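Asker: First the structure, then my questions, so here it is.
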Amino acid sequence: MYNIQTEIQKRILVLDGAMGTMLQQYKFSEEDFRGERFKDYPTPLKGNNDLLSLTQPKAIAEVHAKYFEAGADIVETNTFSGTTIAMADYDMQDLVYELNYESAKIAKEVADKFTKANPEKPRFVAGSIGPTNKTASLSPDVNRPEYRVITFNELRIAYKQQVEALIDGGVDLLLVETIFDTLNAKAALFAIEEVKEEQNINIPIMVSGTITDASGRTLSGQTVEAFLTSISHVPLLSVGFNCALGAEQLKPYLQRLSNETEFYTSAHPNAGLPNAFGEYDESPKQMQGYIEDYLKDSLINIIGGCCGTSPDHIKAIAEVANNYKPRLIEKLV
């Protein structure tokens with residue numbers, strides 16, 4: 001049995017790039033999203049990328065395979081919005097278990113194929129757990145600062161359902177990612193710990209927050225250090241940052257994180273900052289240069305890409321990561 005805890009000590013592990021960026025290239029229509037099964041569904045479904053695991057599973061498997069071919073050690077399941085909370089936008093709450101289970105199964109089948117072909121480089125599947133489209137810490141109404149659109153318990157219940165399905169589908173680890181509100185993340189972590197206890201399992205957990213702008217804080221107002229303190233009570237495989245910023249802009253925050261934590265560290269930044277059209281222009285070569293700066297300074301154990309990154313970006317990142325040793329964890333005094 002391959003163990004990510006063992007592999008992460010040997011080398012820098014490479015995470016995949018953006019699923020959404022890749023799916024855009026397929027130019028799927030409303031009909032493609034619906035497939036035969038949902039052709040008469042009463043709500044519009046275009047844009048529900050998680051649904052493609054049921055209606056276009058071949059495309060999802062192809063994207064995973066492209067990232068593995070590019071050199072990724074870990075791919076994320078196509079489940080970023082796989083909670084009843086996020087799926088309510090499409091009236092698809094009842095499909096949540098199936099969406100997560102099937103997404104995990106697709107990714108695991110592809111990973112196993114690549115591991116079998118090259119047992120020296122085992123491949124892993126991370127169950128992607130997104131932040132949902134609600135925040136537990138902030139009010140959406142400036143005139144009612146005390147108002148909350150969702151409770152901790154509602155988040156916990158939703159996350160628990162997602163986690164159970166991902167584990168049943170065969171994921172090797174769980175990735176609580178793109179965290180803009182740490183209270184949401186704490187609900188996810190609470191749910192994971194519940195499932196671990198109930199099933200008597202010990203599944204590795206990655207946590208990845210989002211620094212939203214040059215203030216160096218999350219959307220709910222936490223600094224790097226506050227974010228780290230908020231989640232460090234849970235035994236984690238890694239803690240890191242993804243999305244919102246490009247690799248260059250993210251570096252100072254990663255440095256602070258790396259200096260403060262005894263967990264392994266991760267980063268999957270965007271391909272630069274978005275242009276006026278909301279597109280990402282940073283080339284694989286440019287991104288590789290910024291990532292190499294992380295590696296020279298021993299900031300990182302797991303590295304990948306978020307918005308705008310493609311297999312070409314991951315290939316460039318994997319090539320440079322191969323030349324460096326992973327960050328050593330030093331016990332903090």
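Asker: Along the stretch 285-295, what does the Karplus equation 6.51 cos²θ - 1.76 cosθ + 1.60 (θ = phi - 60°) give for ³J(HN,Hα), rounded to whole Hz, x for Gly and Pro?
Answerer: 5, 4, 5, 4, x, 5, 5, 4, 4, 4, 5
Asker: May I ask you to evaluate 6.51 cos²θ - 1.76 cosθ + 1.60, the Karplus curve with θ = phi - 60°, for each residue of the stretch 268-274 and list the ³J(HN,Hα) values in order in whole Hz, giving x for glycine and proline?
Answerer: 9, x, 6, 7, x, 8, x
Asker: Which one, 205, 179, 215, projects farthest toward the positive side of the charge dipole computed for the stretch 157-222 from Cβ point charges (K/R +1, D/E -1)?
Answerer: Among 205, 179, 215, the one farthest towards the positive end of the dipole of the stretch 157-222 is 215.
Asker: When the helix-only estimate is applied to the chain (DSSP H runs of n ≥ 4, each -39,500 (n - 2.57), divided by the residue count), what is the mean residue ellipticity at 222 nm, nearest 500 deg cm²/dmol? Please list the in-between numbers first.
Answerer: Values: 13 runs with 144 residues, N = 333.
Only helices count here, giving -13000 deg cm²/dmol.
Asker: Taking H as built 1.01 Å from N, whose amide H comes closer than 5 Å to the amide H of residue 265, not counting residues under 5 places away?
Answerer: Residues meeting the amide H criterion: 239, 301, 302.
Asker: Over the chain, what relative contact order in percent results from Cα pairs under 8 Å that are six or more residues apart?
Answerer: Values: 670 pairs, mean separation 64.6, N = 333.
This gives 19 percent for the chain.
Asker: What whole-number distance in Å separates the alpha-carbon centres of the stretch 32-91 and the stretch 224-274?
Answerer: 27
Asker: What shape does the stretch 220-333 take by its C-alpha gyration tensor, where a ≥ b ≥ c are the square roots of the eigenvalues and a/c under 1.5 counts as rounded, a/b above b/c as prolate, and the rest as oblate?
Answerer: Note, shape of the stretch 220-333 comes out oblate.
Asker: A further question follows. Across the chain, where is the longest run that never hits chymotrypsin sites (Phe, Trp or Tyr not before Pro) in a DSSP loop with at most 16 other C-beta atoms within 10 Å?
Answerer: 148-276
Asker: Using θ = phi - 60° and the Karplus form 6.51 cos²θ - 1.76 cosθ + 1.60, what ³J(HN,Hα) does each residue of the stretch 4-21 get, whole Hz, x for Gly and Pro?
Answerer: Coupling constants for the stretch 4-21: 5, 4, 6, 5, 5, 7, 7, 7, 6, 8, 10, 8, 6, x, 7, 5, x, 4 Hz.
Asker: Now a separate question. Amide H neighbours of residue 209 under 5 Å, at least 5 residues apart or on other chains, H built in the peptide plane: list them.
Answerer: 179, 240, 241, 242
Asker: How far apart, in nm, are the 7 Å Cα→Cβ label points at residue 113 and residue 89?
Answerer: With each label point 7 Å from Cα toward Cβ, the separation is 3.0 nm.
Asker: Compute the Cα gyration tensor for the chain, then decide on rounded, prolate or oblate, letting a ≥ b ≥ c be the square roots of its eigenvalues: rounded whenever a/c is under 1.5, prolate when a/b is larger than b/c in the other cases, and oblate in all that remain.
Answerer: Because its axes are fairly even, with a/c under 1.5, the chain counts as rounded.
Asker: Provide the percentage of antiparallel DSSP beta bridges, counting only those with both residues in the stretch 183-333; round to the nearest 5.
Answerer: On the way: 1 of 13 bridges.
Expressed as a percentage, antiparallel bridges in the stretch 183-333 total about 10.
Asker: Out of all DSSP beta bridges with both ends in the chain, state the antiparallel percent to the nearest 5.
Answerer: Taking every DSSP beta bridge with both residues in the chain, the antiparallel ones total about 5 percent.
Values quoted throughout were computed directly from the atomic coordinates according to the rules given, and no laboratory measurement underlies them. Values in this document were obtained by computation on a predicted structure and should not be read as measured data. Cβ: placed from backbone, ideal geometry, glycine included. Neighbour counts: every protein chain shown.
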